[in-house]
1. In what sequence, highest mean first, do 81-90, 32-41 appear when ranked by Cβ atoms within 10 angstrom?
2. Residue separation times 0.36 nm, minus the C-alpha to C-alpha distance between Ala125 and Glu25: what's the value?
3. Calculated from the structure, Rg and Dmax of the Cα atoms in Å equals which of (1) 15.9, 51; (2) 14.8, 43; (3) 20.9, 65?
4. Can you say what percent of the DSSP beta bridges in the chain, counting only those with both residues inside, are antiparallel? Round to 5.
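Values quoted throughout were computed directly from the atomic coordinates according to the rules given, and no laboratory measurement underlies them. Bear in mind that the values here come from a model prediction, so they are computed numbers and not experimental data. Heads up, the Cβs are rebuilt from the backbone with ideal geometry, glycines too, and the neighbour counts pull from every protein chain shown.
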Amino acid sequence: MTDEVHWTRPDAPEVAGMMAELLHEYVSRYGQAARERMERFPDSTLTPPDGGLMVLLRNGTAVAGGAFRRYDEQTAELKRIWTHSSYRRQGLARRVLDVLRDETSRLGYRRLYLTTGPRQPEARALYLAAGFTPLFDVTVPPAGPLPFEKALLVRT
């Protein structure tokens, strides 16, 4: 089974389900404040030339996705990493990370940055397994946002 990488826009129809499920997940874990936090940054930051949003399509259905935007001149911030609840535990989130890493590297970014929340242990485990460096003390129970970074090789 081959999933198609599809670069798109935040307002595209294939993204609507992804964003709705992601919002539901965040609100169920963190309450209504998560809605405000998710809406804090305009979707326009997830578009070229400094950002991008991709989905993995399986038979035309978005099964996973993620985005990036410029954090600073050398750094891309990963956002909206998501796997559809019916397709988890298949390595799709790792594939999304790989696609985003390759694209940001191709665009000349030298570093990835992201944060996840303290109530998302599966995300924390994914980023550690994918070679991201935690910018927090992993021996202390998490209380706030958990930042990670990863150096990139610039690809041309």
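1. Top of the packing list down: 81-90, 32-41.
2. That works out to 34.3 nm of additional length.
3. (2)
4. So the antiparallel bridges amount to about 90 percent of the total.
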